[in-house]
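Report on the structure given below.
The values are calculated or read from the model by the stated rules, or taken from the named source; none is laboratory data. Quantities reported herein were computed from a predicted structural model and do not represent experimental measurements. Note: ideal-geometry Cβ built from the backbone for every residue, glycine included; neighbour counts use all protein chains shown. These accessible areas exclude ligands, DNA and RNA; they are computed on the full protein's heavy atoms, side chains included. Shrake-Rupley method; radii C 1.70, N 1.55, O 1.52, S 1.80 Å.
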Amino acid sequence: MMSLTINFAQGPIGAEILGADLSRAVDAQTLASIRGALDERGVIVLRTQNLQPVHIARFAEHFGRPLVHAHNKFALPNAPAVSVISNIVDEQGRNVGVPDAGLVWHTDGSYLVHPDMYAFLYGIEIPMQDGEPLGTTYYSSATAAYDALPEILRKRLDGLRAVHSFAYHAANRAARGGTKIEITEELRRKHPDVSQPVVRVHPRTGRKALYVTEGHTTHILGMDRAESDALLKQLFAHLCEPRFVYGHRWQVGDLLVWDNASTQHRATCDYALPQRRLMHRTATAGEDAVGMALA
């Protein structure tokens, strides 16, 4: 059994785990401790790892079925469930990885009937300035945000559903200076709009969490647009209040794991070449249908 030290961040979200070596097989008791921290805190960082893509994929398998995207051009050939996140370009000026994902608050795959469940991001190169890391990733506890709502608002949200849209996500990304995604008819067929519960019940813990995001949610079903816009604006502002947020300042060798059913996140793009950022990412699929396709 590995000897772990688990340090909770201030507030309701985030934990640092020391003493794990994920390049080795993880025993059941160690895994239970890691999963318990993730269930309780929503985001964990396993420090000082020295991992190859196969190690990341193997660890992710303990949490569910790794996602393999057939058309992901940045997937690694020897580990197709692992992809590259990077601002680095090759000699021809082509990106070697996804350069600018996650610029607005979101939860991964919420535009899918089966949203992503867990995500894993491993820091290989971290951009620095004056000895300080750049590219902080921010996480919000959507469970703590739900718990802090007034009872009258929780009752108002009960049973409501909202539309999550891949096309809306792409437009949001482009509007903030990110890479433009051409929304073809094939993409619309592959990713139709989906309705999700405004309040999602976690499949493991049973806790309730707000499940509307600035990055993907267009409107709440059954409301006129003005009422929907006003309510979403209120919920978005509530979700990113500092009391619910953990900002992860990256170190080389960090493996960050987060729970997409209980948290939301956004990236900070405050660096540019020659400041290099290189990360490997994988995710696991949610096995239970949450949403309903609207097309």
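Observations, loosely collected:
- Output for segment 260-287, where each listed residue is of a type in the set (A, V, I, L, M, F, W, C), under 20 Å from ASN95 (Cβ atoms) and in a loop (DSSP other than H, G, I, E, B): ALA267, CYS269, ALA272, LEU273
- Among the residues of segment 55-94, those identified as touching a strand residue (DSSP E or B) at 6+ places or on another chain (Cβ under 7 Å) and open to solvent by 80 Å² or more (accessible area, probe 1.4 Å) are ARG65, VAL68, HIS69.
- Taken over segment 272-284, the criterion of being closer than 25 Å to PRO66 by Cα and open to solvent by 10 Å² or more (accessible area, probe 1.4 Å) is satisfied by ARG277, LEU278, HIS280, ARG281.
- Taking the conditions (1) open to solvent by less than 40 Å² (accessible area, probe 1.4 Å); (2) modelled with pLDDT of 95 or more in turn, ASP21 satisfies each one other than (1).
- Test: residue in segment 68-75 that is in a strand (DSSP E or B), within 20 Å of the chain's Cα centre (by Cα) and small (Gly, Ala, Ser): yes
- The criterion of being touching a residue at least 40 places away in the same chain (Cβ under 8 Å), under 26 Å from GLU40 (Cβ atoms) and open to solvent by 10 Å² or more (accessible area, probe 1.4 Å) does not hold for THR218.
- Exactly one residue out of ALA174, ALA101, ALA145 is in contact with a Phe, Trp or Tyr (Cβ under 7 Å, 6 or more places away or on another chain) and either at pLDDT below 95 or closer than 18 Å to LEU38 by Cα (or both), and it is ALA145.
- Residues within segment 243-271 that are over 16 Å from HIS106 (Cα atoms), open to solvent by 60 Å² or more (accessible area, probe 1.4 Å) and not basic (Lys, Arg), tallied: 3
- When the test is whether a residue is charged (D, E, K, R) and modelled with pLDDT under 95, ARG58 does not pass it.
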